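So the structure is just underneath, and the comments pick up after that.
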Amino acid sequence: PSTPKHAILHGLNDAQRRAVTSDAATLAILAGPGSGKTHTLTARVAWLIDHVGYQPENIIVATFTVKAAREMKDRIGKALGNGREKKLILGTFHSIARRYLTTYGHHIGLSPKFGIADESDSRTSIERICKRLQLAVDPRAARMWISKKKAQGTEAAAKPTKGPAKPPSPQEAEFGTCYQEYQSHLEKSNLLDYDDLLVRCVELLRQFPRCVSNIQSVLVDEYQDTNGIQYELMKLLAQQHWRITTVGDPDQSIYGWRSAEIKNLRRMFQEFGRTERVSLEENYRSSQSILHLSMLVIKQDETRFDKTLKPVHDKGSRPVLRRLKSAAAEADWIVSEIRRVLMMSGSMMTHNDVSILLRSASLSRHIESSLGKAGIAYRMVGGHKFYDRAEIKTLIDYLRVIAQPENNVALARILNVPRRGFGEGTIKGLLQEAETSSLSVWAVLSKHCRGDRRSKTKITNVMEQKLSGGLLRPLEDIRKHIQGASGPDENPLGLVQIIEQLLVKLDFQKYLETAHADDHEQKWANVQEFIGLAAEFERDMDNSEEDFLPEIEGLQQTKEVEVLPRFLANVSLAADAQAGDEGQESKPHVTISTIHKAKGLEWPIVFVPAVYKSVFPHTRSEDDAEERRLLYVAMTRAQALLYLSCPLFNSNGNGERTELSPFVEPVKGSFLNKGPCFDRPVMQGIAKIIQRKLPPEETIFKGLPAMFSPEDNLFPVDPEEAKPVEGARAKRMRLQGPGYDGGEEVQWHS
Ligand code: ATP
Ligand code: MG
């Protein structure tokens, strides 16, 4: 191909270039993993701005995770090089919806000060409702049911069912009751849950299409995992110019359990008129053998639509499938493999190049403990998040009540932290009072404190006795901590100021010392880190356009300037990002993630443990095909080395023997069953992959493993830099000795 004139098109293959520059109104890029879908979408956004001339504030880009949004913005920023990417409306569907609702929600009667109920808030509220109403249903099932109802979207809900409507089963009737109660509780607390963000935004854009009259183009990554309501939202966002680009891969649809609908793909072709399709057929991510084996797995699904996917890389080492005695032995083996591979690679790779992908977060116990014993730093994506730590959660709850005193969920959690002598019973009583009366807990408390006699008619006698029996003072305390904590309305305090004042008022350090004698220092350090994050947020906010939506003539905007609600929304929506992820590079660490959260990402080395029946497919899942796709997504994250493993006995304590996953069983002969082969071609392949990840001016030659010398001429590098590593020969001898120190291997059919 001729060299493109435009820098944005450099290095793209023909199909990718066609997709980037296409002027079709609706464009669907359908292609397999690692084919550069996200890469192409990113380039297309840059192209639309730089070449076509769209204003960034008129473009919406939806990504699946907060992390992906951040990465995409960075890359577009680099391509444009003038900071204009800051104005893009780019984020997850939820954050885009939130932005529209804070700015224009008042048009549909939403108070702009709404808070966001995160998953744990929703779950707690539903549990409480089930208990209070003595419902027989499992609160978790109720939560799923409610979420499903909301996620289906209004179109699906409005669709007439065929034949006479079936009367709801007793269980459904209970779910329905729970739904109603839950919704009224959210309304009273002025909260929206994740699903509501989408539902209300759909309502807004239906009634006030002018909110999006400026939008020229809408682009969606990971389209195969959109659900009904997201599909509606996408259409509404694009309603003005009807220019939509979607990017997806049906083989990677793994959110069916959360109501994602593959049929949205078909709907797009049916509903959007002429849609241009582009398929990308080269896989730039994985070695040939990794890709080959992954394809063998996915091809077991005979109902799927086959696509071409050709590797551009060398053969590489065959993936490894290893059976070990126990989950503990499996974890130890993974750790010893990590060490061995990193040693083999010289300093070419670091712990950052390794990830361990789990079917469910609960499988991490042994792995975390083995990594810990070996002193290897790791991060658990979306696992035990920074914001989930008790001390941080408490502070966040205080901030939420400060921003929004009617937030009953948060208020209930902080009433007795630090200890103030409220018993469980009192707190429950207060909540119940609030729920049965039409008051928020805060209102109940406030009236008590003010000694407003008349209002007490709503408070039961029992409650009154409890509250007057010595609890009035602490109540007054809380109120003092919270009221006015964000400063006067006309001149609100800064975020860090609010937090610091709160810490003083609560005497938080002292509280940690007394309540958590063992680890109060660590907890206090976390609090300091939290302040650091808040400071960073405050600083960034001054020069970021995060919440910006362009002015539209004749449409009134609420300009949210207050930092506290913005910070809190950011915390609630960053469920998949972690504190410390951003900013300066942290020390190298292994990543542990669930497969669901690893979507779209890649690592040179990937481990997938526990590939046995009951995990793959999972006992809780009814959709085997989706379970198989999940394994496929995991395997296709790997660039150079892929390891599957399986303990002989299952780790849940009942000591049952495991059976190899039926997805792996038919192809197990294609795996190696010891360590990978590290011959020269394999090492060369790895070196190329790593080199590709580095900025062009950097070369990995310095860190190449000892088996290479400058004469290998792997890359055109400055010969000065290509000096062989010190003592290379000696090191090589050591590394290539018997070497393999993996856990004890067991036979497949022993
Ligand atoms: P997934 O389905 O897993 O989301 P994807 O199709 O979005 O994968 P990308 O993540 O965009 O794939 O690309 C995979 C890798 O291939 C990335 O490292 C990307 O930089 C690289 N890549 C994509 N296109 C090219 C190209 N034309 N030349 C070189 N590298 C490329
Ligand atoms: Mg992608």
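The values are calculated or read from the model by the stated rules, or taken from the named source; none is laboratory data. Keep in mind it's a predicted model, so treat the numbers as computed, not measured. Positions of Cβ are generated from backbone atoms using ideal geometry, with glycine treated the same way; all protein chains shown enter the neighbour counts.
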The residue that is nearest to the chain's Cα centre (by Cα), considering only those in region 484-510 that are touching a residue at least 60 places away in the same chain (Cβ under 8 Å) and over 16 Å from ILE396 (Cβ atoms), is GLY494
Just wondering, is there one or more residues in region 660-671 that are acidic (Asp, Glu) and either surrounded by 19 or more Cβ atoms within 10 Å (Cβ to Cβ) or closer than 15 Å to VAL297 by Cα (or both)? yes
Within region 621-643, of all residues that are at pLDDT below 95 and in a loop (DSSP other than H, G, I, E, B), the one farthest from ligand 1 (Cβ to nearest atom) is GLU622
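Do we have THR246 as away from ligand 2 (no atom under 16 Å from the Cβ) and among the β-branched types (Val, Ile, Thr) here? First the steps, then the outcome.
Working: away from ligand 2 (no atom under 16 Å from the Cβ): no; among the β-branched types (Val, Ile, Thr): yes.
Judged against the criteria, THR246 is not a match.
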Taking region 259-300 and keeping residues of a type in the set (S, T, N, Q), surrounded by fewer than 20 Cβ atoms within 10 Å (Cβ to Cβ) and out of contact with any strand residue (DSSP E or B) (no Cβ under 7 Å at 6 or more places or on another chain) leaves GLN270, GLN300
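Specify the residue that is surrounded by the most Cβ atoms within 10 Å (Cβ to Cβ); the eligible residues are those in region 101-145 that are outside any helix (DSSP H, G or I) and among the charged types (D, E, K, R).
Restricting attention to region 101-145, the residues satisfying the condition of being outside any helix (DSSP H, G or I) are 109-118, 133-138.
After this cut, where a residue has to be among the charged types (D, E, K, R) as well, the list is 113, 118, 138.
On the way: LYS113: 15, ASP118: 18, ASP138: 13.
Step by step, filter region 101-145, then rank; the result is ASP118.
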So, first residue touching a residue at least 24 places away in the same chain (Cβ under 8 Å) in region 517-542, second residue part of a helix (DSSP H, G or I) and of a type in the set (Gly, Ala, Ser), Cβ within less than 9 Å, six or more apart or across chains; the pairs are LYS523/ALA390
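So, in region 14-26, how many residues would count as being away from ligand 2 (no atom under 16 Å from the Cβ) and either among the aliphatic types (A, V, I, L, M) or in contact (Cβ under 8 Å) with a residue 60 or more places away in the chain (or both)?
Initial filter on region 14-26 (away from ligand 2 (no atom under 16 Å from the Cβ)): 14, 17-18, 21-26.
Still in the running and either among the aliphatic types (A, V, I, L, M) or in contact (Cβ under 8 Å) with a residue 60 or more places away in the chain (or both): 18, 22, 24-26.
Looking only at that region, the number is 5.
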Over region 176-201, the set of residues farther than 21 Å from LYS113 by Cβ, surrounded by fewer than 22 Cβ atoms within 10 Å (Cβ to Cβ) and either free of Cβ contacts under 8 Å to residues at least 40 places away in the same chain or not hydroxyl-bearing (Ser, Thr, Tyr) (or both) is GLY176, TYR179, GLN180, GLU181
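Of the residues that sit in region 290-326 and are of a type in the set (Gly, Ala, Ser) and at pLDDT below 95, which one is nearest to ligand 2 (Cβ to nearest atom)? I'd like the intermediate steps shown before the answer.
Within region 290-326, the subset of a type in the set (Gly, Ala, Ser) is 294, 316-317, 326.
Filter once more, so that each one left must be at pLDDT below 95: 316-317, 326.
Working: GLY316: 21, SER317: 24, SER326: 36 Å.
Only one residue tops the list, namely GLY316.
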Reported set for region 209-264 where residues are touching a Ser or Thr at 6+ places or on another chain (Cβ under 6 Å) and more than 16 Å from ligand 1 (Cβ to nearest atom) is ASN227, GLN240, ARG243, ILE244, ASN264
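Return yes when THR350 is farther than 26 Å from VAL381 by Cβ, hydroxyl-bearing (Ser, Thr, Tyr) and at pLDDT below 95 and no when it is not. Walk me through how you get there before you give the answer.
Numbers: farther than 26 Å from VAL381 by Cβ: no; hydroxyl-bearing (Ser, Thr, Tyr): yes; at pLDDT below 95: yes.
Answer is no for this residue.
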Exactly one of ALA69, ALA62 is within 15 Å of ligand 2 (Cβ to nearest atom), closer than 16 Å to ILE215 by Cα and touching a strand residue (DSSP E or B) at 6+ places or on another chain (Cβ under 7 Å), and that residue is ALA62
